[in-house]
1. Do you know which residues across the stretch 82-106 are within 10 Å of the chain's Cα centre (by Cα) and either modelled with pLDDT of 85 or more or not aliphatic (A, V, I, L, M) (or both)?
2. Would you say Gln173 is free of Cβ contacts under 8 Å to residues at least 12 places away in the same chain, in a loop (DSSP other than H, G, I, E, B), out of contact with any Pro (no Cβ under 6 Å at 6 or more places or on another chain) and surrounded by fewer than 18 Cβ atoms within 10 Å (Cβ to Cβ)?
3. Can you name the residue in the stretch 24-75 that is touching an Asp or Glu at 6+ places or on another chain (Cβ under 9 Å), in contact (Cβ under 8 Å) with a residue 60 or more places away in the chain and assigned to a helix (DSSP H, G or I) and, of all such residues, is nearest to Val128 (Cα to Cα)?
4. Starting from residues that are assigned to a helix (DSSP H, G or I) and of a type in the set (Gly, Ala, Ser), keep the ones in the stretch 146-170 and report whichever is farthest from the chain's Cα centre (by Cα).
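The values are calculated or read from the model by the stated rules, or taken from the named source; none is laboratory data. Since the model is a prediction, treat every value here as computed from it, not as a measurement. No Cβ is skipped: glycine too gets one built from the backbone with ideal geometry, and neighbour counts run over all protein chains shown.
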Amino acid sequence: MSRNKYPEQTVNRILEAAQALFLEKGYENTSIQDILERLGNLSKGAIYHHFSSKEDILNAVGDRYNQQLVQELMAVRDDKFLSGREKIKEMFRIFLSGSDRDILASVAPDMMKNPKLLVLQLQEIFQVVVPDFVYPVVEQGLRDGSIRTQYPKELSEVITLLANIWLNPMVLQSSPQELVGRVKFFGVLLNNMGMDLLDEDMLSRYLDFCSRFKAAQTE
């Protein structure tokens with residue numbers, strides 16, 4: 001049996017085909033057979049050599065998005081000209097306005113129906129996002145006086161959890177009125193902690209992301 005000399009190219013082809021189908025048909029309505037038919041000359045065994053399931057493919061699509069996101073967050077975290085508060089605000093802007101958010105909104109499934117994905121999201125928050133990005137920036141904010149709190153680690157965890165779980169339409173689906181209420185309440189909490197991070201532009205971007213996700217779920 002001949003070996004695939006270009007496994008990375010094969011993986012990229014699978015991910016490109018899967019992402020396109022997720023966008024066209026939605027994650028739930030796309031099957032492994034659909035991906036095979038889109039690829040044309042690849043066997044089911046070749047797909048399962050690289051990915052154990054459709055969920056595994058979705059995770060890989062998400063990983064590609066996250067790699068770009070991490071690079072952007074690193075650039076903000078390491079910026080020598082921004083205060084801690086300014087860095088947190090810029091990180092929120094990146095989360096809400098990244099060009100690949102449209103892709104994420106279109107392909108991601110309802111996490112309440114996919115608990116494994118929800119667990120992975122929580123692990124990423126506590127193992128990567130908070131310790132590597134949010135907490136160091138909050139600590140900087142304490143040093144430069146732009147953030148006020150006696151609990152920097154807890155603050156870092158809470159704002160990240162609220163932003164990525166409580167305000168995430170992939171976890172808690174809500175009406176537009178409920179979404180607006182949550183975001184505005186989140187803004188009040190941040191303001192009371194000396195961090196006026198959310199503005200009307202961010203609220204608009206967030207609601208647009210939520211509406212795209214909701215549309216994808218009803219297709």
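1. Correct list: Phe95, Gly98, Asp100, Arg101.
2. Here the answer is no, as Gln173 does not meet what is asked.
3. Leu73
4. Initial filter on the stretch 146-170 (assigned to a helix (DSSP H, G or I)): 152-166.
If we keep only those that are of a type in the set (Gly, Ala, Ser) as well, we get 156, 163.
On the way: Ser156: 17, Ala163: 10 Å.
Among them, the one singled out is Ser156.
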